[in-house]
1. Which condition number in (1) more than 13 Å from the chain's Cα centre (by Cα); (2) part of a helix (DSSP H, G or I); (3) not polar (S, T, N, Q) is the one that Met52 fails?
2. All but one of (1) modelled with pLDDT of 90 or more; (2) out of contact with any helix residue (DSSP H, G or I) (no Cβ under 6 Å at 6 or more places or on another chain) hold for Glu73; state the number of the condition that does not hold.
3. So which residues in region 44-75 are over 21 Å from Gln20 (Cα atoms) and surrounded by 11 or more Cβ atoms within 10 Å (Cβ to Cβ), if there are any at all?
4. Among the residues of region 5-34, which ones are part of a loop (DSSP other than H, G, I, E, B), hydroxyl-bearing (Ser, Thr, Tyr) and either surrounded by 13 or more Cβ atoms within 10 Å (Cβ to Cβ) or touching a strand residue (DSSP E or B) at 6+ places or on another chain (Cβ under 9 Å) (or both)?
Amino acid sequence: MELPVSMLCDRKSTNVAGAQPGFINYVTMPLFTTMSAFVPGLAAEGGALATMKSNLETWKSYVETEEDKKVYEVK
């Protein structure tokens with residue numbers, strides 16, 4: 001359709017590992033933090049928020065390799 005590719009969705013230029021911490025910090029963490037007021041299990045030890053924080057730390061230290069980028073290639 002020749003529509004422009006939106007930011008962070010361009011397979012050729014997006015650094016996925018670099019984008020994930022921002023997505024977690026500004027989208028998913030606030031959403032799940034708010035939801036935990038209604039679903040306390042989300043904030044429980046070993047719950048979704050703890051897992052998300054662990055994932056955040058993993059993404060912060062992850063370095064995307066050329067091999068990783070092959071996953072996004074159109075075949």
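1. (1)
2. (1)
3. Ala44, the sole residue that qualifies.
4. If we filter region 5-34 for residues that are part of a loop (DSSP other than H, G, I, E, B), which is where we start, we get 5-15.
In the following step, the residues that additionally are hydroxyl-bearing (Ser, Thr, Tyr) were identified as 6, 13-14.
Hit for region 5-34 is Thr14, nothing else.
The values are calculated or read from the model by the stated rules, or taken from the named source; none is laboratory data. In this text, all values refer to a predicted model and were calculated from it rather than measured experimentally. Neighbour counts run over all protein chains shown; Cβ positions are idealised from the backbone, glycine included.
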